[in-house]
Structures are given as C-alpha cells and as structure tokens.
1. If I go through region 74-102 residue by residue, how many of them are of a type in the set (A, V, I, L, M, F, W, C) and surrounded by fewer than 21 Cβ atoms within 10 Å (Cβ to Cβ)?
2. Name the single residue that is modelled with the lowest pLDDT among those in region 30-49 being assigned to a loop (DSSP other than H, G, I, E, B) and open to solvent by less than 60 Å² (accessible area, probe 1.4 Å).
3. I'd like the full set of residues that are of a type in the set (A, V, I, L, M) and open to solvent by less than 20 Å² (accessible area, probe 1.4 Å), limited to region 50-73.
4. Filter region 117-129 down to the residues that are out of contact with any Lys or Arg (no Cβ under 8 Å at 6 or more places or on another chain) and part of a loop (DSSP other than H, G, I, E, B), then identify the one that is most open to solvent (accessible area, probe 1.4 Å).
5. Taking the conditions exactly as written (open to solvent by 70 Å² or more (accessible area, probe 1.4 Å), in a helix (DSSP H, G or I) and either in contact (Cβ under 8 Å) with a residue 60 or more places away in the chain or under 17 Å from G218 (Cβ atoms) (or both)), does L9 satisfy them or not?
6. Name the strands (runs of 3 or more DSSP E) wholly within region 160-275 that hold at least 2 residues that are within 19 Å of the chain's Cα centre (by Cα) and under 23 Å from F101 (Cβ atoms)?
7. Write out, first by first residue and then by second, each pair whose Cβ atoms fall under 8 Å of each other, whose residues are 6+ apart or on separate chains, and whose first residue, in region 212-223, is under 10 Å from N251 (Cβ atoms) while the second is open to solvent by 70 Å² or more (accessible area, probe 1.4 Å) and assigned to a loop (DSSP other than H, G, I, E, B).
8. Given the options D227, D238, name the one that is surrounded by 11 or more Cβ atoms within 10 Å (Cβ to Cβ), at pLDDT below 90, acidic (D, E) and touching a helix residue (DSSP H, G or I) at 6+ places or on another chain (Cβ under 9 Å).
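The values are calculated or read from the model by the stated rules, or taken from the named source; none is laboratory data. Worth saying up front: this structure is predicted, and the values here are computed from it rather than measured. Cβ coordinates were reconstructed from backbone atoms using ideal geometry, including for glycine residues, and neighbour counts include every protein chain displayed. Protein only, heavy atoms only, side chains kept; ligands, DNA and RNA dropped before computing areas. Shrake-Rupley method; radii C 1.70, N 1.55, O 1.52, S 1.80 Å.
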Amino acid sequence: TQFTFDISLLDVGLFLLKNTHLYFSQFKGNAFALGAELEEWKIEILNTVPNNINSFIGAEMHLRCDMTALKYLFIGGAKFSKATYSGVSQPWCSNVRVFNFYGPTEATIYSHVHEIKRDPTLDCDDTNVTVGKPVKRMFHAIQDRTSNSLLGFNSLGEILLGGDQLMRGYLNNPTATQRAITNIDNVNYYRTGDLGFQDEEGDLFVVGRLDETIKRRGFRVNLLDIDAYIQKIQGINDCITLAFADENLENWLLTVVIAKSPIDKILLFTQMRHFLLEHQIPD
C-alpha cells in the first residue's frame, strides 16, 4: 500500500520498534516485481491485501521464486476470499504462518485476527473465512438494523466494534461522529457498516457491506462518489457504477455512461484519471 495509508503505523512503527530490517517495495501491481523482491531480499514477513496474493499466485510466482525465507504472511484490508484461502493452503505456503486481519481505521486499524489453520472446519463457514476473535481489550457485537437490538450467535447483522482502540470521534466533525458512534448500555460502539455474524465460539465472519461502500485493493470505495466525479467530465449526462464480487479481484467495477454525443472510450478513461484515484477507476 501507499506509505500514507493507515496500515503504515503497523508496517513502519511496529516493525522498527521490534528492530527488524524494513524494505520499501516498488510493487505496483506487477506480480513478477513482487516475486523478485521477496527472493532477492529474503523477506521473512509480508503484510499485504488479498488481491496482491491472488495476483501473485495467479501468475504462478509462488512456484517460480525461492520463497523459503518467508515465515509470516499478514493479510488484511479487504475480505479474505475463498480464492485467497485456497492459494495459501497450497504446499508452497505450508511452512508459513498466515494471519487474516480485520478492522477499520476508526478502531485503530486492526481489531481482529485469526491464524489460518488450513482446515475449513476451523477457518470457514460456507464461503466465508473467519477474522477470528477481537484483540485484547476490544470486543464486537452484531446489531439488527431494523430493531437496533443486539443479536446472538449465527444471526446476520451490522458489526459493531468497541474497546480501548475505538476512536473518540472525527476531528471537528461532531455530526459524522454521532452517526458513527452508538451507545448501548453505556458502552460506545463504532458502526462499521459491515455485514456479518459470530459463531458459538465467538469468532467473527464478515460477509459484506450494508451500503454503497465497498473494499477494493484494500481501500474503501464509495460507488456514488465515483458517479459524482465522472459526471463532472464534459459531455457526460449521467452514469451509474456497479460492483461485482470477484474471487480474484475483490470487486470488479462496471460503469455505464450516458453521453451527450459519441465519446471515445480511451479519452474517457484519460479524463477519469484527472478526477479519480487509481483504485476508483472502473474496469
């Protein structure tokens, strides 16, 4: 991810505190470049998003590179798909400890972690891979959005997070803070907007999103924001962006555009790059 992404607090601060050697990758979506870095630098700890692992395995770089130095693989920032699970369950990764992390910035990056056991009965519920239990002094709850009541085991609802890592609020924005933080029985919770459930063991499963915000390449992307920016392009009357779940690409974006007159597709993509970040540009 970019150096300014919230996860840098862990990637830089924690690893340097632990007296490790820290390498800054030049990886920009090229699985071959990532493979060369892992092999040349004999990387022992890799922290990345599921899509990068999927691309790496899809290009068979795990078979082409010497990966014997790798000891830990931290995966977070987006849903740990069954494709990712299948990829890290292969022999190349048998000596690597793999962890699935979950948590929003508002809960100080990560609130849950689960070490992958490579046993579907311990890791999965149908197509969902667990994010495990909360870290110390954090907790979660599942809320019914209709009745606002807290739900029990195996009931689908909005994931709420509470505990010491919870933010106090958004800076100089009490309205947004009031929308995001709810108080239940004198306990503050952050409304994640994520849809999920917990099993009888207290392990959390994240199923999807409640609103138009999705996770793509580890970033939060609001589909309505994309539409709003594209509509600023001269000659565009209207548009709508749709997200399609994909086991390999996390979310595949399709934008349907209504133009005032015939418009060149390549030119349109060029104009989009003036308004949108790379992870917001539709496929």
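1. To start, the set of residues in region 74-102 that are of a type in the set (A, V, I, L, M, F, W, C) comprises 74-75, 78, 80, 83, 88, 92-93, 96, 98-99, 101.
Now drop any that are not surrounded by fewer than 21 Cβ atoms within 10 Å (Cβ to Cβ), which leaves 74, 83, 92-93, 96, 99.
Selection size over region 74-102: 6.
2. Just the residues of region 30-49 that are assigned to a loop (DSSP other than H, G, I, E, B), to begin with: 30, 41-44, 49.
Narrowing further to those that are open to solvent by less than 60 Å² (accessible area, probe 1.4 Å): 43, 49.
Numbers: I43: 95, V49: 88.
The qualifying residue modelled with the lowest pLDDT is V49.
3. In the first step, residues of region 50-73 are kept if they are of a type in the set (A, V, I, L, M); the result is 53, 57, 59, 61, 63, 67, 69-70, 73.
Selection gives I53, M61, L70, L73.
4. Taking region 117-129 as the starting set, the residues that turn out to be out of contact with any Lys or Arg (no Cβ under 8 Å at 6 or more places or on another chain) are 117-122, 125-126, 128.
Next, from what is left, pick out any that are part of a loop (DSSP other than H, G, I, E, B): 117-119, 126.
Values: K117: 109, R118: 72, D119: 54, D126: 125 Å².
Looking at the filtered set, the residue picked out is D126.
5. On the way: open to solvent by 70 Å² or more (accessible area, probe 1.4 Å): yes; in a helix (DSSP H, G or I): yes; either in contact (Cβ under 8 Å) with a residue 60 or more places away in the chain or under 17 Å from G218 (Cβ atoms) (or both): yes.
Answer is yes for this residue.
6. Details: elements: 181-184, 187-198, 204-209, 213-216, 219-222, 236-246, 250-259.
Correct list: 187-198, 204-209, 213-216, 219-222, 236-246, 250-259.
7. Matching pairs, first to second residue: K215/K79; L223/E212.
8. Details: D227 fails: touching a helix residue (DSSP H, G or I) at 6+ places or on another chain (Cβ under 9 Å).
Unique residue meeting the criteria: D238.
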